[in-house]
Amino acid sequence: MDFTFTEEQQAAVEAARAVFSGVEPDGVPSPALTPGAVAEDIDRPLWAQLAAGDLLSLTLAPEHGGAGLDPVALCLVLREAAKVLARVPLLETCAVAMSLQRDGDPGLAAELLPRVGRGELVLTVGANGRTGHDPAELAVTALRHSHSNSNSNSNEENERSSTDDSGGTGHDSDSSAWVLDGVQSGVPWAHSADWIAVPAHTADSRAVLALVRRTAEGVTLVEQVSTSGELLAEVRLDGVRIEDRALIGTPGAWERLRALLTTGTCALALGLGETVLSMTSEYTGKREQFGFPIATFQSVAVQAADRYIDLRAMEVTLWQAAWRISTGTAGALPVAGDIAVAKIWAADGVRRIVQTAQHLHGGFGADTDYPLHRFHAWAKQIELSLGPAAAHEEALGDLLAAHPLG
(Lines give C-alpha, C1' and ligand atoms only; values in the text may rest on other atoms or scores of the structure.)
Protein backbone atom coordinates (compact mmCIF):
# COMPACT_ATOMS: atom_id res chain seq x y z
CA MET A 1 0.00 0.00 0.00
CA ASP A 2 0.99 3.64 -0.48
CA PHE A 3 0.93 5.80 2.66
CA THR A 4 1.22 9.04 0.67
CA PHE A 5 -1.91 11.19 0.97
CA THR A 6 -3.34 12.90 -2.07
CA GLU A 7 -3.48 16.67 -2.46
CA GLU A 8 -7.24 16.57 -1.84
CA GLN A 9 -6.79 14.59 1.37
CA GLN A 10 -4.08 16.96 2.57
CA ALA A 11 -6.32 19.92 1.77
CA ALA A 12 -9.04 18.35 3.92
CA VAL A 13 -6.58 18.11 6.81
CA GLU A 14 -5.64 21.78 6.47
CA ALA A 15 -9.29 22.81 6.37
CA ALA A 16 -10.01 20.69 9.45
CA ARG A 17 -7.10 22.20 11.37
CA ALA A 18 -8.34 25.68 10.58
CA VAL A 19 -11.82 24.86 11.89
CA PHE A 20 -10.66 23.02 15.00
CA SER A 21 -7.97 25.56 15.88
CA GLY A 22 -10.46 27.59 17.89
CA VAL A 23 -11.91 24.68 19.84
CA GLU A 24 -11.03 24.34 23.53
CA PRO A 25 -11.17 20.82 25.01
CA ASP A 26 -12.45 22.29 28.29
CA GLY A 27 -15.27 24.27 26.71
CA VAL A 28 -17.91 22.35 28.72
CA PRO A 29 -18.02 21.42 32.41
CA SER A 30 -15.72 18.63 33.54
CA PRO A 31 -17.27 15.15 33.38
CA ALA A 32 -15.60 14.45 36.73
CA LEU A 33 -17.56 17.26 38.38
CA THR A 34 -20.87 16.97 36.52
CA PRO A 35 -23.63 14.67 37.79
CA GLY A 36 -25.00 13.70 34.40
CA ALA A 37 -24.23 14.93 30.90
CA VAL A 38 -21.87 17.86 30.43
CA ALA A 39 -24.22 19.40 27.84
CA GLU A 40 -27.63 18.74 26.32
CA ASP A 41 -26.66 19.39 22.71
CA ILE A 42 -23.75 19.07 20.33
CA ASP A 43 -21.44 22.00 19.65
CA ARG A 44 -23.74 23.73 17.15
CA PRO A 45 -21.39 26.63 16.29
CA LEU A 46 -18.64 24.13 15.46
CA TRP A 47 -21.11 22.07 13.42
CA ALA A 48 -21.93 25.17 11.38
CA GLN A 49 -18.23 25.85 10.82
CA LEU A 50 -17.69 22.29 9.62
CA ALA A 51 -20.53 22.73 7.15
CA ALA A 52 -19.17 26.07 5.98
CA GLY A 53 -15.76 24.48 5.45
CA ASP A 54 -17.33 21.71 3.31
CA LEU A 55 -16.15 19.09 5.79
CA LEU A 56 -19.59 17.56 6.32
CA SER A 57 -19.90 16.95 2.58
CA LEU A 58 -16.34 15.69 2.21
CA THR A 59 -17.29 12.12 1.29
CA LEU A 60 -20.54 12.92 -0.55
CA ALA A 61 -20.70 12.59 -4.30
CA PRO A 62 -20.63 15.80 -6.39
CA GLU A 63 -24.29 15.35 -7.33
CA HIS A 64 -25.10 15.74 -3.63
CA GLY A 65 -22.87 18.78 -3.25
CA GLY A 66 -19.83 16.92 -1.96
CA ALA A 67 -16.17 16.49 -2.82
CA GLY A 68 -16.41 12.75 -3.44
CA LEU A 69 -13.44 11.84 -1.22
CA ASP A 70 -12.89 8.45 0.40
CA PRO A 71 -12.86 7.08 3.98
CA VAL A 72 -9.15 7.87 4.27
CA ALA A 73 -10.00 11.58 4.02
CA LEU A 74 -12.73 11.19 6.63
CA CYS A 75 -10.29 9.47 9.01
CA LEU A 76 -7.80 12.29 8.53
CA VAL A 77 -10.43 14.82 9.57
CA LEU A 78 -11.58 12.66 12.50
CA ARG A 79 -7.98 12.50 13.70
CA GLU A 80 -7.93 16.30 13.90
CA ALA A 81 -11.33 16.39 15.62
CA ALA A 82 -10.16 14.08 18.41
CA LYS A 83 -7.15 16.26 19.16
CA VAL A 84 -9.51 18.90 20.59
CA LEU A 85 -12.27 16.56 21.81
CA ALA A 86 -14.69 18.03 19.28
CA ARG A 87 -18.25 17.49 20.51
CA VAL A 88 -19.87 16.82 17.14
CA PRO A 89 -21.28 13.65 15.49
CA LEU A 90 -18.87 13.92 12.58
CA LEU A 91 -18.15 10.19 12.36
CA GLU A 92 -21.75 9.07 12.75
CA THR A 93 -23.22 11.60 10.32
CA CYS A 94 -20.64 11.03 7.60
CA ALA A 95 -20.72 7.24 7.97
CA VAL A 96 -24.52 7.02 7.73
CA ALA A 97 -24.52 9.47 4.82
CA MET A 98 -21.99 7.30 2.97
CA SER A 99 -24.11 4.22 3.62
CA LEU A 100 -27.24 5.92 2.31
CA GLN A 101 -25.34 7.17 -0.72
CA ARG A 102 -23.93 3.74 -1.57
CA ASP A 103 -26.69 1.34 -0.61
CA GLY A 104 -29.84 3.37 0.02
CA ASP A 105 -32.75 4.58 -2.04
CA PRO A 106 -31.52 7.14 -4.62
CA GLY A 107 -34.58 9.35 -4.12
CA LEU A 108 -34.16 9.51 -0.36
CA ALA A 109 -30.45 10.11 -0.79
CA ALA A 110 -31.15 13.02 -3.13
CA GLU A 111 -33.50 14.55 -0.55
CA LEU A 112 -31.35 14.16 2.53
CA LEU A 113 -27.69 14.22 1.57
CA PRO A 114 -27.46 17.81 0.29
CA ARG A 115 -29.00 18.95 3.59
CA VAL A 116 -26.52 16.83 5.52
CA GLY A 117 -23.65 18.49 3.69
CA ARG A 118 -25.03 21.93 4.55
CA GLY A 119 -25.25 21.02 8.23
CA GLU A 120 -29.04 21.15 8.29
CA LEU A 121 -29.46 17.51 9.28
CA VAL A 122 -27.67 15.45 11.91
CA LEU A 123 -27.44 11.68 11.52
CA THR A 124 -26.44 9.03 14.01
CA VAL A 125 -26.47 5.25 14.31
CA GLY A 126 -27.18 2.63 16.95
CA ALA A 127 -24.36 0.11 16.77
CA ASN A 128 -24.37 -1.44 20.23
CA GLY A 129 -27.55 -3.51 20.27
CA ARG A 130 -29.31 -4.03 23.57
CA THR A 131 -26.23 -4.80 25.67
CA GLY A 132 -23.18 -4.14 23.51
CA HIS A 133 -22.21 -7.84 23.58
CA ASP A 134 -24.46 -9.30 20.89
CA PRO A 135 -24.71 -8.29 17.20
CA ALA A 136 -26.58 -5.00 17.02
CA GLU A 137 -28.95 -6.16 14.29
CA LEU A 138 -30.39 -8.85 16.58
CA ALA A 139 -31.76 -6.25 18.99
CA VAL A 140 -34.40 -4.93 16.56
CA THR A 141 -36.90 -6.72 14.34
CA ALA A 142 -38.04 -5.33 10.99
CA LEU A 143 -41.26 -6.87 9.74
CA ARG A 144 -43.38 -6.04 6.72
CA HIS A 145 -46.43 -4.00 7.65
CA SER A 146 -49.66 -5.98 7.39
CA HIS A 147 -52.40 -4.13 5.49
CA SER A 148 -55.01 -5.86 7.62
CA ASN A 149 -53.77 -3.86 10.58
CA SER A 150 -54.28 -0.52 8.86
CA ASN A 151 -56.64 1.85 10.64
CA SER A 152 -59.54 3.67 9.09
CA ASN A 153 -57.40 6.67 8.28
CA SER A 154 -54.97 4.74 6.11
CA ASN A 155 -56.41 5.99 2.81
CA GLU A 156 -56.00 9.58 3.91
CA GLU A 157 -52.43 8.84 4.99
CA ASN A 158 -51.67 7.20 1.65
CA GLU A 159 -52.81 10.27 -0.26
CA ARG A 160 -50.82 12.70 1.86
CA SER A 161 -47.31 13.70 0.80
CA SER A 162 -45.63 16.32 2.98
CA THR A 163 -42.18 17.32 4.08
CA ASP A 164 -41.42 17.46 7.82
CA ASP A 165 -38.80 19.44 9.72
CA SER A 166 -36.30 16.58 9.63
CA GLY A 167 -36.15 16.47 5.85
CA GLY A 168 -38.26 13.39 5.15
CA THR A 169 -41.31 13.14 2.95
CA GLY A 170 -44.34 10.94 3.33
CA HIS A 171 -45.13 8.63 0.42
CA ASP A 172 -47.58 5.75 0.72
CA SER A 173 -47.13 5.52 4.46
CA ASP A 174 -49.10 2.22 4.58
CA SER A 175 -48.05 0.41 1.40
CA SER A 176 -44.69 -1.37 1.43
CA ALA A 177 -44.02 -0.16 4.99
CA TRP A 178 -41.94 -1.82 7.68
CA VAL A 179 -42.57 -2.06 11.41
CA LEU A 180 -39.65 -1.86 13.83
CA ASP A 181 -39.56 -3.17 17.39
CA GLY A 182 -36.61 -3.39 19.74
CA VAL A 183 -33.91 -1.43 21.54
CA GLN A 184 -30.54 0.06 20.66
CA SER A 185 -28.46 1.11 23.65
CA GLY A 186 -25.76 3.76 23.95
CA VAL A 187 -26.66 5.63 20.76
CA PRO A 188 -24.38 8.68 20.49
CA TRP A 189 -25.86 12.13 19.93
CA ALA A 190 -29.35 10.65 19.51
CA HIS A 191 -31.06 13.56 21.29
CA SER A 192 -29.53 15.98 18.76
CA ALA A 193 -30.01 13.83 15.66
CA ASP A 194 -32.74 14.21 13.06
CA TRP A 195 -32.39 10.65 11.73
CA ILE A 196 -31.15 7.50 13.45
CA ALA A 197 -29.81 4.54 11.47
CA VAL A 198 -30.95 1.36 13.20
CA PRO A 199 -29.57 -2.09 12.30
CA ALA A 200 -32.28 -4.76 12.42
CA HIS A 201 -33.10 -8.27 11.26
CA THR A 202 -36.00 -9.41 9.11
CA ALA A 203 -38.20 -12.50 9.43
CA ASP A 204 -35.79 -14.40 7.18
CA SER A 205 -32.81 -13.31 9.37
CA ARG A 206 -31.41 -10.78 6.91
CA ALA A 207 -29.45 -7.91 8.42
CA VAL A 208 -30.88 -4.58 7.25
CA LEU A 209 -30.47 -0.92 8.11
CA ALA A 210 -33.51 1.22 8.89
CA LEU A 211 -33.49 5.02 8.77
CA VAL A 212 -35.79 6.35 11.47
CA ARG A 213 -36.77 9.93 12.25
CA ARG A 214 -36.07 10.77 15.89
CA THR A 215 -39.54 12.28 16.15
CA ALA A 216 -41.34 9.30 14.61
CA GLU A 217 -44.28 7.86 16.52
CA GLY A 218 -43.16 4.97 18.69
CA VAL A 219 -39.58 6.22 19.16
CA THR A 220 -38.60 6.85 22.78
CA LEU A 221 -35.20 8.13 23.94
CA VAL A 222 -34.01 7.29 27.44
CA GLU A 223 -31.05 9.31 28.66
CA GLN A 224 -27.70 7.60 29.16
CA VAL A 225 -24.35 9.24 29.89
CA SER A 226 -21.02 8.16 28.43
CA THR A 227 -17.73 7.86 30.30
CA SER A 228 -16.74 11.14 28.66
CA GLY A 229 -19.84 12.88 30.01
CA GLU A 230 -21.65 13.09 26.70
CA LEU A 231 -25.38 12.49 26.41
CA LEU A 232 -26.24 9.13 24.84
CA ALA A 233 -29.61 7.45 24.51
CA GLU A 234 -31.28 4.11 24.74
CA VAL A 235 -33.48 4.20 21.65
CA ARG A 236 -36.67 2.19 22.13
CA LEU A 237 -38.73 1.32 19.08
CA ASP A 238 -42.32 0.29 19.68
CA GLY A 239 -44.20 -0.44 16.46
CA VAL A 240 -42.32 2.27 14.56
CA ARG A 241 -43.39 2.36 10.92
CA ILE A 242 -41.08 3.47 8.14
CA GLU A 243 -41.39 3.66 4.39
CA ASP A 244 -40.00 0.93 2.22
CA ARG A 245 -37.38 3.28 0.83
CA ALA A 246 -36.13 4.08 4.34
CA LEU A 247 -34.99 0.49 4.81
CA ILE A 248 -31.61 -0.38 3.32
CA GLY A 249 -31.66 -4.07 2.48
CA THR A 250 -28.61 -4.27 0.23
CA PRO A 251 -26.56 -7.31 1.31
CA GLY A 252 -23.60 -6.23 3.42
CA ALA A 253 -24.80 -2.65 3.93
CA TRP A 254 -24.83 -2.87 7.72
CA GLU A 255 -21.47 -4.68 7.80
CA ARG A 256 -19.91 -1.96 5.64
CA LEU A 257 -21.33 0.78 7.86
CA ARG A 258 -20.04 -0.90 11.00
CA ALA A 259 -16.61 -1.34 9.40
CA LEU A 260 -16.48 2.37 8.63
CA LEU A 261 -17.60 3.26 12.16
CA THR A 262 -14.92 1.03 13.67
CA THR A 263 -12.18 2.43 11.46
CA GLY A 264 -13.30 5.98 12.21
CA THR A 265 -13.16 5.19 15.93
CA CYS A 266 -9.54 4.11 15.44
CA ALA A 267 -8.83 7.50 13.85
CA LEU A 268 -10.32 9.22 16.89
CA ALA A 269 -8.10 7.13 19.16
CA LEU A 270 -5.03 8.09 17.14
CA GLY A 271 -5.73 11.83 17.24
CA LEU A 272 -6.45 11.76 20.97
CA GLY A 273 -3.32 9.72 21.67
CA GLU A 274 -1.13 12.12 19.71
CA THR A 275 -2.36 15.08 21.71
CA VAL A 276 -1.92 13.30 25.05
CA LEU A 277 1.63 12.22 24.22
CA SER A 278 2.41 15.80 23.15
CA MET A 279 1.03 17.10 26.47
CA THR A 280 3.17 14.56 28.33
CA SER A 281 6.29 15.54 26.40
CA GLU A 282 5.73 19.23 27.14
CA TYR A 283 5.08 18.62 30.84
CA THR A 284 8.03 16.28 31.45
CA GLY A 285 10.31 18.67 29.57
CA LYS A 286 9.47 21.47 32.02
CA ARG A 287 8.93 19.59 35.29
CA GLU A 288 12.20 19.36 37.21
CA GLN A 289 13.44 17.07 39.95
CA PHE A 290 16.92 17.22 41.47
CA GLY A 291 17.64 20.15 39.17
CA PHE A 292 16.91 18.30 35.92
CA PRO A 293 13.82 17.94 33.70
CA ILE A 294 12.21 14.59 34.43
CA ALA A 295 12.18 13.91 30.68
CA THR A 296 15.94 13.29 30.97
CA PHE A 297 15.42 10.44 33.43
CA GLN A 298 15.79 7.04 31.79
CA SER A 299 12.62 5.56 33.31
CA VAL A 300 10.55 8.48 32.01
CA ALA A 301 12.15 8.45 28.56
CA VAL A 302 11.60 4.70 28.16
CA GLN A 303 7.91 4.96 29.05
CA ALA A 304 7.42 7.85 26.62
CA ALA A 305 9.27 5.93 23.89
CA ASP A 306 7.01 2.91 24.39
CA ARG A 307 3.95 5.07 23.98
CA TYR A 308 5.41 6.60 20.81
CA ILE A 309 5.74 3.07 19.42
CA ASP A 310 2.09 2.48 20.32
CA LEU A 311 1.12 5.56 18.32
CA ARG A 312 3.05 4.46 15.27
CA ALA A 313 1.44 1.01 15.40
CA MET A 314 -1.98 2.61 15.79
CA GLU A 315 -1.26 4.81 12.79
CA VAL A 316 -0.05 2.14 10.38
CA THR A 317 -2.87 -0.27 11.20
CA LEU A 318 -5.45 2.51 10.87
CA TRP A 319 -4.31 3.53 7.40
CA GLN A 320 -4.09 -0.11 6.31
CA ALA A 321 -7.74 -0.63 7.28
CA ALA A 322 -8.92 2.70 5.83
CA TRP A 323 -7.02 2.07 2.60
CA ARG A 324 -8.59 -1.34 2.13
CA ILE A 325 -12.07 0.02 2.81
CA SER A 326 -11.49 2.82 0.33
CA THR A 327 -9.98 0.76 -2.47
CA GLY A 328 -11.49 -2.69 -1.97
CA THR A 329 -8.02 -4.18 -2.44
CA ALA A 330 -7.81 -7.90 -1.77
CA GLY A 331 -5.55 -9.24 0.96
CA ALA A 332 -4.55 -12.42 2.72
CA LEU A 333 -7.51 -11.87 5.04
CA PRO A 334 -10.85 -10.16 4.40
CA VAL A 335 -10.88 -6.44 5.20
CA ALA A 336 -12.49 -7.33 8.55
CA GLY A 337 -9.10 -8.70 9.57
CA ASP A 338 -7.34 -5.38 9.01
CA ILE A 339 -10.13 -3.57 10.83
CA ALA A 340 -9.81 -5.94 13.79
CA VAL A 341 -6.05 -5.38 13.97
CA ALA A 342 -6.53 -1.61 13.84
CA LYS A 343 -9.14 -1.69 16.61
CA ILE A 344 -6.97 -3.93 18.80
CA TRP A 345 -4.08 -1.47 18.58
CA ALA A 346 -6.37 1.55 18.96
CA ALA A 347 -8.12 0.21 22.06
CA ASP A 348 -5.02 -1.05 23.85
CA GLY A 349 -2.78 1.75 22.59
CA VAL A 350 -4.94 4.68 23.62
CA ARG A 351 -5.45 3.13 27.06
CA ARG A 352 -1.70 2.71 27.61
CA ILE A 353 -1.00 6.24 26.38
CA VAL A 354 -3.39 7.96 28.78
CA GLN A 355 -2.35 5.74 31.70
CA THR A 356 1.31 6.58 31.15
CA ALA A 357 0.40 10.25 30.80
CA GLN A 358 -1.46 10.18 34.10
CA HIS A 359 1.53 8.52 35.77
CA LEU A 360 4.11 10.94 34.39
CA HIS A 361 1.97 13.99 35.16
CA GLY A 362 1.65 13.00 38.80
CA GLY A 363 -1.00 15.03 40.60
CA PHE A 364 -1.65 17.22 37.57
CA GLY A 365 -3.20 14.22 35.82
CA ALA A 366 -6.12 14.28 38.25
CA ASP A 367 -6.43 18.07 38.50
CA THR A 368 -9.82 19.03 37.09
CA ASP A 369 -8.44 22.44 36.12
CA TYR A 370 -6.02 20.66 33.79
CA PRO A 371 -7.48 19.04 30.63
CA LEU A 372 -5.70 15.67 30.84
CA HIS A 373 -8.49 14.03 32.84
CA ARG A 374 -10.92 14.91 30.03
CA PHE A 375 -8.74 13.11 27.50
CA HIS A 376 -8.54 10.13 29.83
CA ALA A 377 -12.35 9.94 30.02
CA TRP A 378 -12.71 10.22 26.24
CA ALA A 379 -10.00 7.60 25.74
CA LYS A 380 -11.87 5.10 27.89
CA GLN A 381 -15.05 5.74 25.91
CA ILE A 382 -13.19 5.25 22.62
CA GLU A 383 -11.42 2.14 23.89
CA LEU A 384 -14.70 0.36 24.62
CA SER A 385 -16.70 1.82 21.74
CA LEU A 386 -17.77 -0.85 19.23
CA GLY A 387 -15.99 -3.52 21.25
CA PRO A 388 -12.82 -3.60 23.36
CA ALA A 389 -9.58 -5.14 22.14
CA ALA A 390 -10.50 -8.60 23.46
CA ALA A 391 -13.64 -8.75 21.32
CA HIS A 392 -11.68 -7.91 18.18
CA GLU A 393 -8.93 -10.37 19.09
CA GLU A 394 -11.60 -13.07 19.14
CA ALA A 395 -12.94 -11.93 15.77
CA LEU A 396 -9.42 -11.91 14.33
CA GLY A 397 -8.85 -15.42 15.64
CA ASP A 398 -11.99 -16.62 13.89
CA LEU A 399 -10.84 -15.03 10.63
CA LEU A 400 -7.38 -16.64 10.89
CA ALA A 401 -8.99 -20.01 11.52
CA ALA A 402 -11.23 -19.61 8.48
CA HIS A 403 -8.47 -18.22 6.23
CA PRO A 404 -5.16 -20.00 7.06
CA LEU A 405 -2.16 -17.89 6.00
CA GLY A 406 0.63 -19.35 3.90
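The values are calculated or read from the model by the stated rules, or taken from the named source; none is laboratory data. Fair warning: this is a prediction, and the values are worked out from it, not measured in the lab. Glycine gets a Cβ as well: all are built from the backbone with ideal geometry, and neighbour counts include every protein chain shown. In case anyone asks, the SASA skips ligands and DNA or RNA and just uses the protein heavy atoms, side chains included. Shrake-Rupley method; radii C 1.70, N 1.55, O 1.52, S 1.80 Å.
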Report the accessible area of residue 380, computed with a 1.4 Å probe over the heavy atoms of all protein chains in place, in Å² rounded to the nearest 10. 70
Order by accessible surface, 1.4 Å probe, largest leading, for residues 367, 134, 26 comes to 134, 26, 367
What residue among 267, 210, 377 shows peak mean-square fluctuation when the chain is described by a Gaussian network model with Cα springs under 10 Å? 377
Give the distance, in whole Å, between the Cα centre of region 1-31 and the Cα centre of region 222-290. 16
Using the alpha carbon gyration tensor of the chain, what are the three equivalent-ellipsoid semi-axes (square root of 5 times each eigenvalue), largest first, in whole Å? 39, 23, 20
Can you give the charge dipole size of region 1-67 about its Cα centre, rounded to the nearest 20 debye, using +1 on the beta carbon of Lys and Arg and -1 on the beta carbon of Asp and Glu? 140
When averaged across all projection directions, what area in nm² does the alpha-carbon convex hull of region 1-149 cover? 12.8
Rg to Rh quotient for region 276-397, alpha carbon positions, Kirkwood Rh: 1.08
Residue order for 17, 241 - accessible surface, 1.4 angstrom probe, largest first: 17, 241
Out of 52, 264, 395 - ranked by how far each Cα lies towards the positive end of the dipole of the chain, with unit charges on the beta-carbon of charged residues - the top one is 395
Using the Cβ atoms and a cut-off under 9 Å, what net charge is assigned to the surroundings of residue 39, where Lys and Arg are +1 and Asp and Glu are -1? -3
Given the Cα-Cα distance of residue 133 and residue 7 and 0.36 nm per residue of separation, how much length would full extension add, in nm? 41.3 nm
Expected max-MSF residue from 107, 117, 337 in the GNM of the chain (alpha carbon, under 10 Å) is 107
Dipole in debye (nearest 20) - the chain, about Cα centre, beta carbon charges: Lys, Arg +1; Asp, Glu -1: 900
Under Karplus coefficients 6.51, -1.76 and 1.60, residue-wise ³J(HN,Hα) of region 57-67 in Hz, glycine/proline x: 9, 3, 9, 7, 5, x, 5, 9, x, x, 8
If you plug each phi of region 6-18 into the Karplus form 6.51 cos²θ - 1.76 cosθ + 1.60 with θ = phi - 60°, what whole-Hz ³J(HN,Hα) values come out, in order, with x for Gly and Pro? 6, 4, 5, 5, 5, 5, 5, 4, 4, 5, 5, 4, 5
Which value at 222 nm does the chain reach when only helices count, each DSSP H run of 4 or more adding -39,500 (n - 2.57), with the total divided by all residues and rounded to the nearest 500 deg cm²/dmol? -15500 deg cm²/dmol
Hey, what's region 212-321 come to in accessible area per residue, 1.4 Å probe, Å²? 44
Taking the inverse of the average 1/r across all pairs of different Cα atoms in region 263-347, what Kirkwood radius in Å do you get? 14.3
Roughly how many percent of the accessible protein surface of the chain is carbon and sulfur, given a 1.4 Å probe and a whole-percent answer? 52
